[in-house]
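This report refers to the structure that appears directly beneath it.
The values are calculated or read from the model by the stated rules, or taken from the named source; none is laboratory data. As the structure is a computational prediction, the values presented were derived from the model and not from experiment. Glycine gets a Cβ as well: all are built from the backbone with ideal geometry, and neighbour counts include every protein chain shown.
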Amino acid sequence: MRSKRFRTYFLLLTFGLMLALSLAYSRNLRAEEPCIQGKMEAWRSGDALGEWTYRILLHWEVGGAVGPDEFLILLGLESCPCVCERFQVAFPDTVGFSMNEPGMSTGNHTDLYVHYTGEFDCRGFPGAPGVPAIRIAPLPDPNGPGPKGTAEILFHANWPPESSPDSPGAYLMMRTPGGAFSGSLEGLLPVCRCLNDVRKESWSSTKKRFR
């Protein structure tokens, strides 16, 4: 009788330990799911590349041994009727850089700076078709972005930002070998400017300013 009670107690204890380990493992998986978040700010610089300078700070965690392939900055201008004709984006020589988190030395990802290139398309990119976006990708280099890091990205534009900070939204996308993931972007986004009386300049003068 006592032996039967002992076996029952042992089985219940074993089941409890297995359940606890399973829950802990699930929590670890959720904590390691890829994530990205960012903040964008803007100021009037009067630069030859564009009247307004935008800076984006990105932070990501992939949760594996390989870092992101590229980032998409969704500008929220898909409902702007003149975005393809009037919105101009230009990039400085150094679009941005990041530095992998200390200790991230798996494979080719070492504690070195990573530089990026930028591209704007009003028609969108794969993964976000029809949404005006900026694609940020690391320059070809053995030392690409690590699985955890922070990047600073700059671009210039002829349209000003919203007058007040935008609420967080899914304006970021991160493409990794494991798939695409969206994240929130806080701060200032460019505002649509289509009315002729808003900006007193011709299309030809705009093009000259961005050459």
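Is it the case that some residue within segment 132-150 is acidic (Asp, Glu), at pLDDT 80 or above and surrounded by fewer than 17 Cβ atoms within 10 Å (Cβ to Cβ)?
no
Out of Gly38, Gly46, report the one residue that is modelled with pLDDT of 80 or more and under 24 Å from Gly183 (Cα atoms).
The conditions single out Gly38.
Could you list, in sequence order, the residues of segment 51-94 that are in a loop (DSSP other than H, G, I, E, B), over 20 Å from Glu162 (Cα atoms) and hydrophobic (A, V, I, L, M, F, W, C)?
Passing the criteria: Val62, Ala65, Val66, Phe91.
For segment 114-124, name all the residues that are part of a strand (DSSP E or B) and surrounded by fewer than 19 Cβ atoms within 10 Å (Cβ to Cβ).
Selection gives His115, Thr117, Glu119, Phe120, Asp121, Gly124.
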